[in-house]
Amino acid sequence: MHKSTTAFLASPHIPPENEVYLFVSKITSKNSRNNLIKTLQAVQNRYGYLPEAGLKAISQFMNIPLSRVYGVATFYHQFKLDPPGKFVIRVCMGTACHAKGNMNNYEFLRLLLGLGSNKHTTEDGVFSLESARCFGCCSLAPVIMIMSSDGFYKRLYGHVTSMLLKKIINEYRVKVLKEVTVHVGHAKRNSVR
Ligand code: FES
């Protein structure tokens, strides 16, 4: 399978600039410098990350230098500058899951997915990794949740171990490859029509 084909199918949704500008214009007012963090949070809640257009729009509508907006966005760990992958893996760091070794599971996933420091999304755009608060099912600790970046698909996995994580990641990779195969099949059929 050609890597670029996989990357194409898994490529993240980048919101159109004019839509982002419109959204930011609604949640800001000119010269209101005090709500920068709240505004960044609102943009990230809307898009799952901070698109470049969002940072520029915030700078413009709030009359704050772009370098300062970037400075705050990169200073706080909560903010993400990369678009999320096709599947977002959320590792619970609540008390029960932490006690049952989810920090090790998180580090194992970082290695398995080849994520370097400050990287949350795999090169091919298939997976993003993040920590999360208690999901409310502590009896299943340690727990992870995998969801699609559009939020339509969600699945919880309990009692996870490194062996199980390997198996789960492989299953999702196969799922993506199957989609690629179907997509390429359709493209070929359409091209000979
Ligand atoms: S602590 Fe992980 S589900 Fe509650």
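Just so you know, all these numbers are worked out from the coordinates, no wet-lab data involved. Nothing here was measured: the structure is a model prediction, and the numbers come from that model. Heads up, the Cβs are rebuilt from the backbone with ideal geometry, glycines too, and the neighbour counts pull from every protein chain shown.
Quick notes on this one:
- With R₀ fixed at 25 Å, the C-beta to C-beta distance from Y70 to R133 puts the FRET efficiency at about 0.40.
- Amide proton proximity set for F127, modelled H, under 5 Å, gap of 5+: K86, F87, T122
- Net lengthening on full extension, Y172/A96 (0.36 nm per residue, minus Cα-Cα): 24.7 nm
- At 1.306 mPa s and 10 °C, Stokes D of the stretch 13-75 from Kirkwood alpha-carbon radius, µm² per second: 141
- Paramagnetic reach from S25 (point 7 Å along Cα→Cβ, amide N under 19 Å) across the stretch 49-68: 51-64
- In the structure shown, the pairs K86/K167; K119/K166; K56/K154; K38/K80; K38/K86 are assessed against 22 Å; a Cα-Cα span above that value is assigned to K56/K154; K38/K86.
- If the segment from D150 to E52 were pulled out straight at 0.36 nm per residue, it would be longer than the present Cα-Cα gap by 33.4 nm.
- Ignoring aspartates and glutamates fewer than eight residues from K26 along the same chain, the ones with Cα atoms less than 15 angstrom from its Cα are E17.
- Note on M163 and K119: the model spin-label points, each 7 Å out from Cα along the C-beta direction, lie 2.9 nm apart.
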